[in-house]
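Right, one structure below, let's go through it.
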Amino acid sequence: MSAEREGKGRGDKGRGGKGRFLTGSTMGHVVRMTMTGAMGITFVFLVDAANLFWISRLDDPRLMAAIGFAFAIQFFSVSVGIGLMIASTALVSRGIGAGNRDLARRHATSAAIMAFVIQASVAALIIGFRYQILAMSGASGETAALAARYLAITMPSLSLMAISMIANGALRAEGDGRRSMFVTLTSGAVAMVVDPVLIVGLEMGLDGAALGLNLSRVVMLLMALRFAVGTHDLLARPSLAGLRMTAGPYFAIAIPAMLTQLATPAGNYLLTRAMAQFGDDAMAGWAVVGRLTVVAFGGIFSLAGAIGGIFGQNYGARQYDRLQSTYRDALLFGLVYTLITWSVLALAGEAVARAFGLTPLGTEVVRAFTLYGAGGFVFAAALFVSNAAFNALGKPARSTLVNWTRDGVLTLPAALLFAGWYGAPGVIYAQAFVGVVVGSASCVWGWRYVKSLGRQALPAVDVAPARPYAHADRFRRR
């Protein structure tokens, strides 16, 4: 029985037919998927910022600095998960675009299992070497001890978060941005309620913030599985045969995608080291900038994940004219979004610094970001669009190259140079400068590649014909 027939009379479950990104306005798809993703991810990041706000109410700069160091390290682990999700979304969306839904379902299940194992290993390594990692980050004394405790409490739930990210990525590959948004909104709402109770009400401080994060990850897992399995039937029964079939094409995308994603936290880690030399006051400002960045630019961060499914479905269907229009429309969206957000931040920067009770040095760091650094996200958006295109269209190594050029090669020299000239705010200026250089180059490279696909046969898409998988019913969820 086909997936399409199974879906009849059951709402969205087992949805068959053509992928929803294969027709209609590509700008409409970009805006819809990005904004639903942005609403979800921005709310989660807003909860994270609120978490930092409640910590700031305890009037201990060491707690703020500890959160800053822990955030930089958590960034690595979450970035691994994002790379794993990018790979699964590419495979699932290609399968849907090519009309092979059974293959897409088995890819989703196998990816979730592999992501769980990988993230559990990453969490174990970070917990085991957290003191050494924090020392290399520039943390010391009580600040380092607090950050280490926070990591020890929050890292075990990372493997659960990995499954939820794969399931949520499958929703986006299907084109269900609304339910994907509900997943993140629900988990964020839970954290928004419990964080002030745990941190301030029960006087648990940093431990309360860590426990609230764990609870929100559990809720995210339950919601993602509810929609991916219960609504769309996007996960097949797990099997060794499915794992073997998925492993090759999955890791062909996941390894370079993870390396690409790890470049950003590596660059952030280097910037954190450069900022740490200016003391806890500067680090408190840096922690606020980190939260402000992800809250204000949630739309930009969700852009790559949103358009990955659009690229993937049209790639699977070999509609390369729509690949070009998707790339162009995503760039335009990123430009408009950044200009509007930058204007708001420029007006609100001083009020944000006062709200978090920052010292003059911390306020300088925030002001440098809201007035100047935020403008660099025009080029960050261009970089994310090219990354999505390379990852979904068979050239993931190119994303790895441009991101490590930015974060592994250019970031530290620029940070040291600009910090020498301008002090702590110079770290912000360096980040923006490097983003302009690499984002511009990557944007042009990505556009040339997407255009070339219209002048030649598409590279082979990893979607097998139906015959080799005639035994698929064994894996189908009944």
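The values are calculated or read from the model by the stated rules, or taken from the named source; none is laboratory data. If you're wondering where the values come from, they're calculated on a predicted model, not measured in any experiment. For neighbour counting, all protein chains shown are included, and Cβ atoms are generated from backbone atoms with ideal geometry for every residue, glycine included.
Let's see how each residue does on (1) assigned to a helix (DSSP H, G or I); (2) in contact with a strand residue (DSSP E or B) (Cβ under 8 Å, 6 or more places away or on another chain); (3) modelled with pLDDT of 90 or more; (4) not aliphatic (A, V, I, L, M):
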residue	(1), (2), (3), (4)
A414	yes, no, yes, no
A419	yes, no, no, no
G426	yes, no, yes, yes
F433	yes, no, yes, yes
C443	yes, no, yes, yes
L458	no, no, no, no
A464	no, no, no, no
Y469	yes, no, no, yes
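Assess whether A145 counts as being surrounded by fewer than 21 Cβ atoms within 10 Å (Cβ to Cβ), of a type in the set (G, A, S) and modelled with pLDDT of 85 or more. Against the criterion (surrounded by fewer than 21 Cβ atoms within 10 Å (Cβ to Cβ), of a type in the set (G, A, S) and modelled with pLDDT of 85 or more), A145 qualifies. The condition (being surrounded by fewer than 24 Cβ atoms within 10 Å (Cβ to Cβ), closer than 30 Å to D59 by Cβ and not aromatic (F, W, Y)) is satisfied by just one residue among G375, G357: G357. In the set (1) modelled with pLDDT of 75 or more; (2) more than 30 Å from D281 (Cα to Cα); (3) part of a helix (DSSP H, G or I); (4) of a type in the set (G, A, S), the condition left unmet by G99 is number (3). Residues satisfying the criterion are present in segment 384-401 (criterion: surrounded by fewer than 21 Cβ atoms within 10 Å (Cβ to Cβ) and at pLDDT 90 or above).
For segment 262-306, residues that are modelled with pLDDT under 80 and of a type in the set (V, I, T) total 3. Selection within segment 412-455: residues that are closer than 20 Å to T338 by Cβ and among the hydroxyl-bearing types (S, T, Y). The member of this set that is nearest to the chain's Cα centre (by Cα) is S442. In segment 136-156, the qualifying residues are those that are assigned to a helix (DSSP H, G or I) and of a type in the set (S, T, Y), and the one that is nearest to L206 (Cα to Cα) is Y150.
Listed by first and then second residue, the pairs with beta-carbon distance under 6 Å, at least 6 apart or on different chains, first residue in segment 58-87 and under 23 Å from A145 (Cβ atoms), second acidic (D, E) and assigned to a helix (DSSP H, G or I), are P61/D280; R62/E142; A65/D280.
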